[in-house]
Structures are given as C-alpha cells and as structure tokens.
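Down below is the structure, laid out as structure tokens.
The values are calculated or read from the model by the stated rules, or taken from the named source; none is laboratory data. Bear in mind the structure is a predicted one, so any value in this text is a computation, not a measurement. Because the Cβ atoms are built from the backbone with ideal geometry, glycine has one as well, and the counts that use them run over all protein chains shown. These area figures cover heavy atoms from the full protein model, side chains too; ligands, DNA and RNA do not enter into them. Shrake-Rupley method; radii C 1.70, N 1.55, O 1.52, S 1.80 Å.
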Amino acid sequence: MYGETGAAMRAEFAALLRQHRIQQRLVGATPKEREELGGLIRTYRQSVIVWLGQAMRAASPLAFSNMPPAQPNPFRAVGSRGSHLTAASELARAIDIARQQSSARPASTHALATPSANPMVDRWRLAALAAALAEHDTNEQVAAQMTAPQAQALVGDVAALTQALVVLDQRYKNTPGWEPLAHSARLGWASLAAALDVNLGQPDYAVDHLGWRPKTKVITGPVRPGILGVLQAQHNLVIRMKSVPNATNLRLVVDSQRLVSAHLAPYAARIDERLAERWAERVETYSVLQKELREIGGLLGKGGLAVAEGANAVARLKALPKDAIVEPRVLSGFQLLFNRLDDRIADAIEDGVEHGAFFKRVTLPRLVDGGGQLVRPVRERFVPVTSATDLAVVKTVRERLRPKDEPPTATPGPTRVDLDSALIHRPTRGGTVDVPNI
Amino acid sequence: MLLPHAHTLAQARSYLAALADRASTIDASSAYEHVLIELDRIHEDECPAADTQGLTEDRAILLAVATSSLEELEQYGVDPLTVELVIAMLDDAYAVDGT
C-alpha cells in the first residue's frame, strides 16, 4: 500500500533533515572511508530519485494544473511538448535530469538489505528500501485507478521529498567525493511550484489506499478465545467465499449470516447503538434473501469450506456468555468483514443468475380434470425467458444487500505534517528548548 | 422425477417454508430452514418451487402435514432412513420453536 511505503520514506527523510553537522556523523578515520560512505549514500539517493521519477510518470497524465492557463487549448495533452507548461511536468523534467546526470547507480538488492553500522547511512538505506517497495504501489496498473485529486496528492508528496533531497544535498556537499544534484536550484524551485500548485486544489489523500497489498490468508491454528474466535471464523468465511458456492451451500451461508448478525446485535447495542441498528437491518435483509433463495437452485460450484466456517462462527457466538463486552475495535472489524461478505454474496448471486449457474424453480403444472377425454394431459404453461433483473432475489441484492459505498476516510496523516515541519525547522543551539515564556 | 413425487415434494417444501416463515424466533426459523435445505440436498436440488400462500398460521397443524408429506416421500423411492432423519430434524426444530 502506498500509505505504508510513502510514510516510511517521509519518516526517514524527516529524521535525516533534523540531523546537522554531517561530517561529524560520518564516522570514519580517513577521508577515504568517508568517501565510501558518501558513495553509498548517493546510491541510496539514486534509488529514491528513480522512484520519484516513476511516481511523477504515473501521476503526470492526471496532474492538471490548478492555475488557469493563459491560452487554453484542450487539444494539447497535459505535459506534452508545446502545451501549457504545468508545475508538475516541470518537476518531472527536473527529476529526470537529476536522475540522468548522476553518475551513481541505484542501490543493489544487497546494499538495500544489508544494515549499516552508521545510523545516518542506515536511515538512507531504509528510505531507499521504502522507495524500491513503493515502485509496486505507483506502477501503471495502479495509475489506471488513480483519480485527479489523488494524483495531485502524489505530486505533493513527490514535491516534499524533492525539497528534502535538495536541502540534504546542500548539507552533504563537504563530504569527500560528493556529487551534487544536477540543477539543484531548478529542482528546488520546481518542487516548490508543484507543491504550491497542488495546494491550490484539494488533494485526495485516499491515494494512500492504492497499491500492492499482501494477500489475505486464512487464519489457521487454534481457535482464539471468546469473541475473537467468532471474528476468526468470519474472516475465514470471507476468504473461503472466493470459490463460488452452489445454491444449497449459498443458502447455508446466508442462514449463518442471518444468525451471526442477529446474535451479535445485542452485544453491539451496549457499545454502539447505530451499529446494532445496522445489523438488525442486515438480519431483515438476509431473511428476505433467504426466503427468495428457496426458489433458486443450481448444482454448479462448491463452497463446503465456507459453510463450515459460517457454522463455526454461529456456534462460537452462541457459546459466548451474555454479559461479554465486545471492544469497539472488534465491532468495526465485524462491520468491515460484513461489508466484504455482503459484496461477495451479491456478486455470487448476480453472476450466478446471469451466467446460468443458478436457476429459478418452476411451479408445478396443474392437472386438468374433467376435460372430457380419456387421457388427462398435464396442462403446461410456458413462461418467456426474461432478463435476470426481473428475479426478486436479484432486485433484493441490488437494492438492499450491496453495501453502500462509504468513501474511505483520508487524512494527510502525521508523516506528511512531520516532513513539512522538518523541512522548515531550525536547529536549536546548545539544547535550549524553544518554548514560549509566560 | 414423476409428477406425483414432485407434487408431494412441493407440498413438503411449502409446509417447511411456511414453518420457517412463521417461526417464533430466528433460531427456530433457521432450524426449519436447515430441514428444508437438507430435503433439497437429498433430491440433489432438483425440486419444484414452494408456495406458502394460503397456508394456515397454526404451526402444530403445519408440523403434522409436513411430517405426513415427508413420510409419503418414502413411496417414491426416497430412502426411508433418510426420510426418518429429516423428520427427526424437523422435530428438533419444532422443539426449538416451542421453547
């Protein structure tokens, strides 16, 4: 997730920015040793610059300027040659120049993985490591999902990190064999302009939720005690539902969810009344859904493991003492899992009906009596094939089960604030603490 | 499946569905629902639709007619032991409902 790798980078740079008297910190008896450490730092810096360039490439198609252009020509793409120059495209160009003109190579995997004895060099290593990992989070697939405000947030982050690099470049210039950033003044001004441009709009920090995340796995091992056991089973159920269940197993899963919601609601009512109401509503939805699923059949699919986990959740919840207190954290965990499961069940039903894995049962034909003939034929009625949307169960799924989209809460987070304050901080002399006197 | 078998099965399903709809608690409703799902599973999900409209509200009567249609299924080649087990499940569900 970009939120994690980006925060790691910002935290390391904020710590580096607070360090002064660099030559004293580069502990080494001879200038040769210090030169070696300086070279190592430059390789780490090159890794970070490579990521900065990549992030700008991901964001630049969407990083529209917030300043009105002098001559708006909509037929020219943002950042292309001859179009109106934007701050973001200028920053991307300056970063590219800095990357190309540096003689250092990006840090090798070996250099990234080996901790350094010098704490300052190690911070550079961790920043480079986070940058290497962040390449996962700002690649082309991720950029395809990005919105324009999210791209602006990314440009803002890149601008802040570039400013940090420029400030540090000045501070490290006395290191033996140090190679300053190419056109560092231009880089600094471009990053300042990009940051200013971003802040004229409203960047969306939901960009933190984009990127690679580890695959969720089944929680194995012994059953967790109390309510955590229920949470474990519910989590496993969500994962087991990845395989498409057949109609019978789907009905059993739906039944288990009805019971879980109904039995959890009293525990939630003591902590959060609104959550209890939502879960009572969920019970209603699942009751209706179950009633309608009785008329749906189908043999395709599996889902035996999901049924087992659903039954586990119900059994463990029923064994819970009535006066148990459930933490708000656990309750919100349940709400998250409920949302995911509702979404998955809705998908399973809609796709199953659409692609013919689920069928509607027919009501039996009537026998016509007294037709005046010796043989009594079965009177059949043929129902025209209608679209899947006419089924009651699909309607319920779309209107009631599908969780309402809640925009993820996105705040800038503490690390962005910390990096900004580190960029503008001044060293305190002699350890005096800068507090106001009353 | 022949028509009389399907007819009996449809009746049994309708009575079980009616019991599940009219159960006093959610646990009892779920227990009836499990009987219904078990019945569908025995028939490999090849069952006609249930129709609960116009059935009585009295759960004791519904239990009696459901049991009798389940017993009737034996005549159509359903394994008698399986039918007994389903009826036992139904009795358990009714016990949950009664308390």
Pick from B:Arg41, B:Arg22, B:Arg13: which residue has the top mean-square fluctuation in a GNM of chain B where Cα pairs under 10 Å get a spring? B:Arg41
What longest range of chain A stays clear of loop-exposed trypsin sites (Lys or Arg not before Pro) (DSSP non-H/G/I/E/B, at most 16 other C-beta within 10 angstrom)? A:82-172
Taking a point 7 angstrom from the Cα of A:Ile424 along the C-beta vector, which residues in region A:125-164 have backbone N less than 18 Å away? A:156-164
Per-bin percent of Cα-Cα distances, the protein assembly as shown [10 Å]: 3, 14, 18, 16, 13, 12, 10, 7, 4, 1, 0, 0
Taking a probe of 1.4 Å, how large is the accessible area per residue of chain B, in Å²? 46
Net dipole in debye of chain A [+1 Lys, Arg Cβ; -1 Asp, Glu Cβ; about Cα centre; nearest 20]: 660
Around A:Leu196, under 14 Å between beta carbons, what's the net of Lys plus Arg minus Asp minus Glu among the other residues? -3
Provide the buried accessible surface between chains B and A in square angstrom, both chains summed, 1.4 Å probe, rounded to the nearest 100. 2000
Given charges at Cβ of Lys, Arg, Asp, Glu: chain A dipole, positive-most of A:Gly177, A:Phe75, A:Ala348: A:Ala348
Given contacts defined as C-alpha pairs under 8 Å and at least six residues apart, what's the relative contact order of chain A, whole-number percent? 20
Could you derive backbone 3J(HN,Hα) for region A:129-145 from the dihedral phi with the Karplus parameters 6.51, -1.76 and 1.60 (θ = phi - 60°), listing whole Hz in sequence and x where the residue is Gly or Pro? 4, 4, 5, 5, 5, 5, 4, 4, 8, 10, 7, 5, 4, 5, 4, 5, 8
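At 222 nm, what helix-only mean residue ellipticity would the protein assembly as shown give, in deg cm²/dmol to the nearest 500, using -39500 (n - 2.57) for each DSSP H run of four or more?
Numbers: 20 runs with 321 residues, N = 537.
So the helix-based figure for the protein assembly as shown works out to -20000 deg cm²/dmol.
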Classify region B:1-69 as rounded, prolate or oblate, taking a ≥ b ≥ c as the square roots of the eigenvalues of its Cα gyration tensor: rounded when a/c is under 1.5, otherwise prolate if a/b is larger than b/c and oblate if not. oblate
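Rolling a 1.4 angstrom probe over the protein heavy atoms, how many square angstrom per residue are accessible across chain A? Working shown, then result.
Working: 24190 Å² over 438 residues.
That works out to 55 Å² for each residue.
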Among A:Leu126, A:Leu331, A:Leu112, residue whose mean-square fluctuation peaks in a GNM of chain A (springs only between Cα atoms under 10 Å): A:Leu331
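Which entries in the list A:Lys242/A:Lys318; A:Lys291/A:Lys395; A:Lys217/A:Lys404; A:Lys217/A:Lys242; A:Lys302/A:Lys404; A:Lys217/A:Lys318 go over 18 Å, if you measure between the two C-alpha atoms of each?
On the way: A:Lys242/A:Lys318 26 Å; A:Lys291/A:Lys395 13 Å; A:Lys217/A:Lys404 25 Å; A:Lys217/A:Lys242 11 Å; A:Lys302/A:Lys404 28 Å; A:Lys217/A:Lys318 25 Å.
Result: A:Lys242/A:Lys318; A:Lys217/A:Lys404; A:Lys302/A:Lys404; A:Lys217/A:Lys318 exceed 18 Å.
Taking the Cβ of A:Met9 as the center, what net charge do the other residues with Cβ under 15 Å away carry, scoring Lys and Arg +1 and Asp and Glu -1? Intermediate results must be reported in sequence, preceding the final value.
Values: positive: A:Arg10, A:Arg45, A:Arg123, A:Arg125, A:Arg416; negative: A:Glu4, A:Glu12, A:Asp122, A:Glu135, A:Asp137, A:Asp157, A:Asp208, A:Asp418, A:Asp420.
Summing Lys/Arg as +1 and Asp/Glu as -1 gives -4.
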Of A:Ala151, A:Ala94, A:Gln141, which is farthest along the charge dipole of region A:85-209 in the positive direction, counting Lys and Arg as +1 and Asp and Glu as -1 at C-beta? A:Ala94
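What is the magnitude of the charge dipole of chain B about its Cα centre, with +1 placed on the Cβ of each Lys and Arg, -1 on the Cβ of each Asp and Glu, and no other charges, expressed in debye to the nearest 20?
Details: 4 positive and 19 negative charges, 45 e Å.
It works out to roughly 220 debye.
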How far, in nm, would the chain grow between A:Phe359 and A:His209 when pulled straight, counting 0.36 nm per residue and subtracting the alpha carbon separation? 50.2 nm
By how many degrees, between 0 and 90 and to the nearest 10, does the Cα long axis of helix A:414-424 differ from the longest principal axis of chain A? 10
Of the residues A:Val362, A:Val167, A:Val207, which exhibits the maximal mean-square fluctuation in a Gaussian network model of chain A defined by a 10 Å Cα contact cut-off? A:Val362
If you find the alpha carbon centre of region B:65-99 and of region A:159-229, how far apart are they in angstrom? 65
Shielding of B:87-93 by partner chains, average beta-carbon count, 10 Å: 0
Tally Lys and Arg at +1 and Asp and Glu at -1 over the other residues with C-beta under 13 Å from the C-beta of A:Leu181: what net charge comes out? +3
Can you run phi through the Karplus equation (6.51, -1.76, 1.60; θ = phi - 60°) for region A:324-336 and list ³J(HN,Hα) in whole Hz, with x for Gly and Pro? 5, 9, 9, 5, x, 4, 5, 4, 5, x, 4, 4, 4
Roughly speaking, to the nearest percent, how much of chain A's 1.4 Å accessible area is carbon and sulfur? 57
With the contact rule set at Cα under 8 Å and sequence spacing of 6 or more, what percent relative contact order holds for region A:152-199? 58
Ordered by residue, what ³J(HN,Hα) values in Hz, to whole numbers, does region B:28-42 give under the Karplus form 6.51 cos²θ - 1.76 cosθ + 1.60, where θ = phi - 60° and Gly and Pro are x? 5, 4, 5, 5, 4, 4, 5, 4, 4, 5, 4, 4, 5, 5, 4
Relative contact order for region A:289-361: what is it in percent, counting Cα pairs under 8 Å that are at least 6 residues apart? 73
